[in-house]
Amino acid sequence: MIAPLATPTACHAMKNENYLPEVKAQYEHLPYPPCDPSDEHKRLQRTWTEDLPMMNHYCFGGRESFRKGFRVLVAGGGTGDATIFLAEQLRGTNAQIVHLDLSSASIAIAKERAAIRKLTSIRWVQDSILDIPSLDLGRFDYINCSGVLHHLADPDAGLQALKSVLKPDGAIALMVYGAIGRTGVYHMQELLRLSDRGCDEASRIAQAKEVLAALPPGNWYRRGADIYNDNDTDAGIFDSLLHSQDRAYTVPQLYEWLADRNGFHIEWSDVGRGRYPYSPELTLGLEARRVRARLPQMDERARHAMSELLMGDITRHTLYLTRGPEAKAAYGDAQYVPMYFHEPLDPRGLESMFAPKQGLTMLRHPHLGLTAAVDAGKYSGKILRHIDGKRSFAQIFNLVRNDPAVRPATPDDAALFADFKPVYELLNAIERILLRHASVPA
């Protein structure tokens with residue numbers, strides 16, 4: 001049983017301007033995400049967009065060393081996942097991290113986690129992100145804002161507050177809810193609003209648990225149980241199903257809001273899957289030959305919107321907002337260092353998989369549910385074999401040219417980049433290969 005919250009009047013899209021005390025009360029009673037600070041003794045909780053190699057690749061052209069006064073704002077940092085992960089990675093540098101949150105209870109948990117790890121580079125601010133322009137926090141190279149803007153009555157006001165303190169060449173990591181993937185969630189929210197009428201506030205979570213346990217087989221939320229994974233704690237149930245302020249977005253809506261109206265370049269990176277869920281060339285089965293043949297002529301936004309509809313399971317849109325496509329590390333420069341990322345990869349196994357074959361090579365990734373056909377070319381397998389996170393493409397290509405199995409052929413860098421491009425793009429799309437400029441230490 002929890003203490004009563006302040007007068008909830010649940011509404012899917014809009015409420016009046018006095019919603020913030022209600023949201024604050026929720027997170028004071030139920031800090032989010034729920035966690036036990038003592039777990040810091042056992043493990044480090046990673047957050048997807050805050051892995052420094054990911055940030056560097058997509059936001060800073062692979063050229064950021066993170067050692068020259070790098071400044072981070074975690075806006076709506078909750079109990080501290082992103083803050084702690086960043087501070088741990090940036091330990092020993094002169095980086096500065098500001099953790100801002102509305103809830104004193106959430107900040108207290110984040111502080112306890114930081115104390116256990118002896119992290120001292122964090123400044124703690126209890127306030128709303130809407131007040132950021134008046135807080136004199138300075139400007140930031142990187143802003144994390146995960147799961148916050150969709151809980152504001154005016155999400156764009158929150159975005160403008162973030163923009164006001166973002167450096168001209170800075171980047172924002174954003175997570176907002178996905179409307180299509182959360183269809184069952186919104187059915188459940190409406191069901192609980194109907195059943196909550198006249199109900200004592202303190203019993204709302206208990207009643208929600210009973211309803212969740214009694215859903216009939218045809219219920220959309222029950223059918224999507226494998227993607228609605230935030231109902232195993234009281235805080236998760238309240239945040240997902242009983243929140244007083246909640247909205248979600250489709251791909252076209254995000255392009256209109258973030259790109260067209262605010263001038264950002266979007267790089268999609270779904271947690272655990274990268275760009276794969278937004279890429280119909282990967283998500284659309286090979287049997288759909290006619291549509292697949294038309295994909296190269298389709299507008300990029302249309303392809304991304306089409307893939308969101310195909311997948312149906314994007315409950316959260318996770319993305320980077322940057323000044324333009326040039327913020328992403330550029331493929332085709334021999335001074336970049338390719339590196340395997342996010343899961344152990346066996347270079348010799350990859351060499352065998354992408355060895356020269358007649359026709360296309362099939363890549364199957366059971367965890368992602370991915371089956372993709374790719375032209376491995378003549379040299380991809382040998383290039384993959386020499387990737388160690390230290391050698392540049394220039395060094396790797398020299399090793400390939402000197403391989404007895406390749407000689408007497410002497411493909412130049414341009415030929416090797418072209419040959420490897422389909423395999424690189426596939427592995428990069430699922431965040432298994434990233435780039436760092438050779439001028440940046442490993």
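The values are calculated or read from the model by the stated rules, or taken from the named source; none is laboratory data. Just so we're clear, the structure is a prediction, and the values are computed from it rather than from any experiment. All Cβ positions, even for glycine, are placed from backbone atoms using ideal geometry, and neighbour counts span all protein chains on display. Side chains included, ligands, DNA and RNA excluded: accessible areas come from the protein's heavy atoms. Shrake-Rupley method; radii C 1.70, N 1.55, O 1.52, S 1.80 Å.
Between the alpha-carbon centres of region 212-259 and region 93-118 there is a gap of 28 Å. Model label points for Asp169 and Ala157, set 7 angstrom from Cα along the Cα-to-Cβ axis, are 3.4 nm apart.
Accessible surface area normalised per residue over region 146-222 is 40 Å², counting heavy atoms of protein chains with a 1.4 Å rolling probe.
From the Kirkwood radius over Cα pairs of region 42-180, Stokes-Einstein at 4 °C and 1.567 mPa s returns a whole-number translational diffusion coefficient of 86 µm²/s.
Between helix 104-117 and the chain there is an angle of about 40 degrees, using the helix long axis and the longest principal axis of the Cα atoms. Length gained on full extension, Ala213 to Gln126: 27.6 nm, using 0.36 nm per residue less the C-alpha separation.
Checked against a 25 Å cut-off, the cross-linked pairs Lys357/Lys421; Lys42/Lys163; Lys163/Lys390; Lys68/Lys421; Lys118/Lys390 give Cα-Cα distances beyond that limit for Lys42/Lys163; Lys163/Lys390; Lys68/Lys421; Lys118/Lys390.
In this rough spin-label picture, where each label sits 7 Å from Cα along the Cβ direction, the Glu351-Ala206 distance is 6.4 nm.
For region 258-399, taking Cα atoms only, Rg and Dmax work out to 17.0, 47 Å respectively.
Of the residues Ser380, Gln96, Ala330, the one whose Cα sits farthest toward the positive end of the charge dipole of the chain, with +1 on the Cβ of Lys and Arg and -1 on the Cβ of Asp and Glu, is Ser380.
Remark: spin-label model distance Leu44-Arg364 equals 3.5 nm, labels positioned 7 Å along the Cα→Cβ axis. For region 216-324, the Cα gyration tensor yields ellipsoid semi-axes of 28, 21, 11 Å (square root of five times each eigenvalue, largest first, whole Å). Overall, region 299-381 carries a charge dipole of about 60 debye about its Cα centre when +1 sits on the Cβ of Lys and Arg and -1 on the Cβ of Asp and Glu, all other atoms neutral. Expressed as a whole percent, the accessible surface of the chain that belongs to carbon and sulfur atoms is 52, based on a 1.4 Å probe. Projecting the Cα atoms of Asn219, Ala429, Pro441 onto the charge dipole of the chain (Cβ charges, centred on the Cα centre) puts Pro441 farthest toward the positive pole. For Tyr228, the solvent-accessible surface with a 1.4 Å probe is about 20 Å², rounded to the nearest 10. Computed from the C-beta positions of Arg63 and Arg193, the FRET efficiency with R₀ = 56 Å rounds to 0.70. Among Arg407, Arg316, Arg71, whose mean-square fluctuation peaks in a Gaussian network model of the chain (Cα, cutoff 10 Å)? Sorting by GNM fluctuation, first place goes to Arg407.
Calculate how many DSSP beta bridges within the chain are antiparallel, expressed in % of all such bridges and rounded to the nearest 5.
Just about 50 percent of them are antiparallel.
Spherically averaged projected area of the convex hull of Cα atoms, region 215-270: 5.8 nm².
For the pair Glu425 and Glu281, the difference between a 0.36 nm per residue extended length and the Cα-Cα distance amounts to 50.7 nm.
Using 1/(1 + (r/R0)^6) with R0 = 56 angstrom and r between the beta carbons of Glu112 and Ala394, what's the FRET efficiency to the nearest 0.05? For R0 = 56 Å, the calculated efficiency reads 0.75.
With N as its number of residues, the chain has a Cα radius of gyration that, divided by 2.2 N^0.38 Å, comes to 1.05.
Please report, in debye to the nearest 20, how large the charge dipole of region 299-442 is about its Cα centre when each Lys and Arg carries +1 at its beta carbon and each Asp and Glu carries -1 there.
Numbers: 18 positive and 17 negative charges, 57 e Å.
For this selection, approximately 280 debye.
When each of the peptides 327-333, 159-165 is scored by how many other beta carbons lie within 10 Å of its residues on average, the order from highest to lowest is 159-165, 327-333.
Compute, for the chain, the length of the dipole vector about the Cα centre, with Cβ point charges of +1 (Lys, Arg) and -1 (Asp, Glu) only. Units Debye, rounded to 20.
So the magnitude is around 1380 debye.
Restricting region 51-86 to chymotrypsin sites (Phe, Trp or Tyr not before Pro) that sit in a DSSP loop and have at most 14 other Cβ atoms within 10 Å of their own Cβ leaves nothing. Cβ-Cβ distance of Asp136 and Tyr331, R₀ of 41 Å, FRET efficiency by 1/(1 + (r/R0)^6): the value works out to about 0.50. Placing a label point 7 Å from the Cα of Trp220 along the Cα-to-Cβ direction, the residues of region 177-193 with a backbone N closer than 16 Å are 178-193. Farthest towards the positive end of the charge dipole of the chain, among the residues His265, Ala415, Gly198, is the Cα of Ala415, using unit charges on the Cβ of Lys, Arg, Asp and Glu.
The Cα center of region 351-381 and the Cα center of region 150-207 differ in position by 40 Å.
The GluC sites (Glu not before Pro) of region 286-361 that meet both conditions, a loop assignment by DSSP and at most 11 other Cβ atoms within 10 Å of the site Cβ, are Glu287.
Sites listed here are trypsin sites (Lys or Arg not before Pro) in region 335-442 whose DSSP assignment is loop and whose Cβ has at most 11 other Cβ atoms within 10 Å: Lys390.
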